Every structure is written in C-alpha cells, then in structure tokens.
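Undergrad: My questions will all concern the structure given below.
The values are calculated or read from the model by the stated rules, or taken from the named source; none is laboratory data. The model shown is predicted, which means the values in this text are computed figures rather than measured ones. Here the Cβ positions follow ideal geometry from the backbone for every residue, glycine too, while neighbour counts run over all protein chains shown. Just the protein is used for accessible areas: all its heavy atoms, side chains included, with ligands, DNA and RNA removed. Shrake-Rupley method; radii C 1.70, N 1.55, O 1.52, S 1.80 Å.
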Amino acid sequence: MKKTRVKLGNRSYEIRICRDRIGLLGKAIKQLEIGSDAVIITNPSIKKFFGARVKRSLLSAGFNVRFETVPDSEKAKSEKHCIRLLNNISRSDGLGRRVFIVALGGGVIGDLAGFVASIYKRGVPYVQVPTTLLAQVDSSIGGKVAIDLNIGKNLAGSFYQPRLVYSDISFLKKLPEKALVSGLAEVIKYGIIKSPALFSFIRSDLKKILRRCPGTLERVVYKCGSIKARVVEKDELDNKDTRIILNFGHTVGHAIETAAGYGKAYDHGQAIALGMLAASFISMKLSLLAKADYLKIKALIKDSGLPTVLKGVSVKDIMLAQGHDKKFICGKNRFVLPVRIGKTVIKEDIPESLIRESIKSLLWT
Ligand code: GLY
C-alpha cells in the first residue's frame, strides 16, 4: 500500500493506493468517524463487478449500507439524477443517523456523488473510491465536483474535498481497454507538466502499463496522485494560477470533445491527447519547446494507443467550440505550454491563426 496526503488544513485527506484490498475499505472508512450510514453511488456495471465486495466490507465495519445507481454515462451528471439522489437519500435518512457518501466509479460518478455530498444538508462527508485509471490519477483528487447543465458541462459545482481517496488497482482489471488508454492520456499529462522521471517511466514501462501489471500501475497512480496533491495544496480554489497547469491539453481538447459530440468520435482521454499535441505544437512554433521534445511527446501518445491524427471533426467546428470554452477568459485565451518535458508556462493571447495552425497540424499523419 502506498499513501500520500493532500494537506489542506482541516480539509486534509489521504490518498491510499493499494492492490486487492477492497475488503479493507470499510475499516479505512471506520477510522475516519464520518458517520453510520453509507450511501454508495455507483452505476449498474460497477455494482455488478464490485458492489457485493464493497458492501460486505462496509457491513463488516458496522455501517448500514445502501446503493444508489445512476446511468453509465455523462448523462448521470444531470440535474435530474442529482435531485433524484438527494430525494432518495433524504427519504432513508432517519433521526440519529449520520449519512456519508461513497463515490464508487469513474470521473462521472465522482463528480456527481461529490456534488450531491456537497449540497445534501449543506454538506455530508464523502469518500472517493475510483475504479478507472482516469479517476485514480486525476478526477478523484482535488475536490472540484459538479454536474452539467443543459448549456454546458460542469456549470453547477463546488469545491468540496473528499475525506479519503481509496484507489485499489484491482478495480482496473475490469476496465475496458479503451478506458485504460484514455486514462493514460492524463498520466502522460502529469509527466509533461511536472515530471521528466514519470515521462521516462511511462516510455520504458509502457508495455507493463498496457498489460495492467499491478506493481507498475500502482507506481503510476501513486506518482500522479502525489503530483496532483502537491498542485491542489498550492491552489485549492483554482485562483492562484497553479492549478491551471492541470489544464494542459484541455483547451483544444475540450473544444474537440464539444465539436465531436461528447464521447462520439473521441472520449475524454483521446481528445486531451490531441489537445496536448496541439498545445505542444504551439509551443514549438513559439520557439519555447524543442522539436525533439515535441516529437517525444507525439511518439509517446502514439505508442500508448492514443490518437495523434484528427478525424471526423472539422477545424472550423473546433475553433467555434473553443470560443465557448471557459478557458478562453473574457474573450482572451490562455494556454498551458510545455517548455520542456516536466515544465510548462502559461501564455495568454495566442493568435487565432496559430491556434488554427496547431489544429490543422493534427490532420497530418
Ligand atoms: N475533481 C477533480 C479536481 O478537483 O481536479
């Protein structure tokens, strides 16, 4: 078991990375003294794979346990499901009970369950139990929780830290190949923004990662979690220009996701991979990043099984989608640009023509 702590005063919490320790989840939560009644928010397929083991673990630690399931898609992050969950939780929440929430799933479940926890009775404790690589390395950590509104993603949300992040690598055994590779995009991101050592490790141990070698995955999840923890500690509320580095690849990436229709042509990780390439291209064109580093980034993305070539979405639609992205502050844009592997700078007002050129560069093979 590996551990790191997100140090945020009285909102501090531990990230635990373990292997085949689902049975000890209940005991870990018990130590937190956060309540008596666990509401596990999950989706039907995760419930089928892991629900019984998680339930048993919580029951044996003395908790009352109930499940709330939501659909297995971004649709779950909606007002409809949020309100339904709040009503269901309140119906079973009796006198003398202390409810807490367990987010058992990927990024969608974590965001939704965390948001529900943040507003139910003005806040009840919650624990993140991420079951995807993306959630283990990124979305379960940091306390940004949200649901989508009709007009856009993550528009209703809060900063609300979990009380524990419990990442068991064995959850990743059931992860579809595409989702594993998608999570790898965020792992590569951490290497590029903060850690040449992680970047080299992904390059050297890529086969083991893709074969889901537990020890290798444990190392990767620990390293990324530690990087994210340090970034969040410096800028919990995302207002100090520190946390923004986590958006590397997300400006063009989100625009690709929007233009392509969420989850249709590209999933999140695939879109972010293309976004990281576009940002690296801009950096190279501004003479901030050496061509050799750009090519290393491109090669690792490709070797990981992520796309390096844009298909089925027009440059025009991506440019249009970009104009609506919140990362284009007040009509200006801000890009996180790598200057070498492990270091980035923030640049504002990148000329539209260069952004267009970077997206066009994704059409080359
Ligand atoms: N929940 C993801 C983050 O806070 O960054």
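Undergrad: Residue check, Asp93 against (1) buried (at least 17 other Cβ atoms within 10 Å of the Cβ); (2) on the phi < 0 side of the Ramachandran plot; (3) over 25 Å from the mean Cα position of the chain (by Cα); (4) not in a helix (DSSP H, G or I), all met but one. Which one?
TA: Single failed check for Asp93: (1).
Undergrad: Within the bounds of the stretch 316-335, is there any residue that is hydrophobic (A, V, I, L, M, F, W, C), open to solvent by 20 Å² or more (accessible area, probe 1.4 Å) and not in a helix (DSSP H, G or I)?
TA: yes
Undergrad: If you scan the stretch 123-152, which residues turn out to be away from the ligand (no atom under 13 Å from the Cβ) and in a strand (DSSP E or B)?
TA: Once the filter is applied, which keeps residues that are away from the ligand (no atom under 13 Å from the Cβ) and in a strand (DSSP E or B), the stretch 123-152 yields Val127, Val129, Asp148, Leu149, Gly152.
Undergrad: When you go through (1) open to solvent by less than 70 Å² (accessible area, probe 1.4 Å); (2) free of Cβ contacts under 8 Å to residues at least 40 places away in the same chain; (3) closer than 30 Å to Lys173 by Cβ; (4) of a type outside the set (Gly, Ala, Ser) one by one for Lys75, which number turns out not to apply?
TA: Every condition holds for Lys75 apart from (1).
Matching residues to (1) open to solvent by 20 Å² or more (accessible area, probe 1.4 Å); (2) away from the ligand (no atom under 16 Å from the Cβ); (3) free of Cβ contacts under 8 Å to residues at least 12 places away in the same chain; (4) acidic (Asp, Glu):
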| position | (1), (2), (3), (4) |
| --- | --- |
| Asp168 | no, yes, no, yes |
| Lys174 | yes, yes, no, no |
| Ile188 | no, yes, no, no |
| Ile192 | no, yes, no, no |
| Cys213 | yes, yes, yes, no |
| Leu217 | no, yes, no, no |
| Lys228 | no, no, no, no |
| Val231 | no, no, no, no |
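Undergrad: Given the criteria within 16 Å of the ligand (Cβ to nearest atom) and either out of contact with any Cys (no Cβ under 8 Å at 6 or more places or on another chain) or of a type outside the set (S, T, N, Q) (or both), does Gly23 qualify?
TA: No.
Undergrad: A follow-up question, please. Taking the residues in the stretch 1-22 that are in contact with a strand residue (DSSP E or B) (Cβ under 9 Å, 6 or more places away or on another chain) and of a type in the set (S, T, N, Q) as candidates, determine which candidate is nearest to Asp168 (Cα to Cα).
TA: Here the residue is Thr4.
Undergrad: Which of the residues belonging to the stretch 96-113 are open to solvent by less than 10 Å² (accessible area, probe 1.4 Å), in contact with a Pro (Cβ under 9 Å, 6 or more places away or on another chain) and under 18 Å from Glu33 (Cα atoms)?
TA: Once the filter is applied, which keeps residues that are open to solvent by less than 10 Å² (accessible area, probe 1.4 Å), in contact with a Pro (Cβ under 9 Å, 6 or more places away or on another chain) and under 18 Å from Glu33 (Cα atoms), the stretch 96-113 yields Phe100, Ile101, Ala103.
Undergrad: Hey, can you tell me all the residues within the stretch 207-261 that are in a helix (DSSP H, G or I) and of a type in the set (Gly, Ala, Ser)?
TA: Correct list: Gly215, Gly225, Ser226, Ala229, Gly253, Ala255, Ala259, Ala260.
Undergrad: Something else now. Can you tell which of Ala299, Ala273, Ala292, Ala278 is assigned to a helix (DSSP H, G or I) and either among the hydroxyl-bearing types (Ser, Thr, Tyr) or touching a Ser or Thr at 6+ places or on another chain (Cβ under 7 Å) (or both)?
TA: Ala278
Undergrad: Something else now. Among the residues of the stretch 1-38, write down those that are open to solvent by 20 Å² or more (accessible area, probe 1.4 Å), in contact with a Pro (Cβ under 8 Å, 6 or more places away or on another chain) and among the hydrophobic types (A, V, I, L, M, F, W, C).
TA: Matches in the stretch 1-38: Leu32 only.
Undergrad: Can you tell me which residue is farthest from the ligand (Cβ to nearest atom) among those in the stretch 98-115 that are in a strand (DSSP E or B) and of a type in the set (A, V, I, L, M)?
TA: That would be Val99.
Undergrad: Being within 17 Å of Ala117 (Cβ to Cβ) and assigned to a helix (DSSP H, G or I) is the filter here; which residues of the stretch 26-53 pass it?
TA: If the condition is that a residue be within 17 Å of Ala117 (Cβ to Cβ) and assigned to a helix (DSSP H, G or I), then Ile29 is the only one that fits.
Undergrad: Of the conditions (1) of a type outside the set (Asp, Glu); (2) within 16 Å of the ligand (Cβ to nearest atom); (3) buried (at least 24 other Cβ atoms within 10 Å of the Cβ), Arg243 fails just one. Which one is it?
TA: All conditions pass for Arg243, except number (3).
Undergrad: Tell me, yes or no, whether the stretch 56-70 has at least one residue that is more than 16 Å from the ligand (Cβ to nearest atom), of a type in the set (Phe, Trp, Tyr) and without any contact (Cβ under 8 Å) to a residue 40 or more places away in the chain.
TA: Yes - at least one qualifying residue is present in the stretch 56-70.
Undergrad: When only residues in the stretch 141-189 that are closer than 11 Å to Asp111 by Cα and of a type in the set (A, V, I, L, M, F, W, C) count, which is nearest to the chain's Cα centre (by Cα)?
TA: So the residue we want is Ile141.
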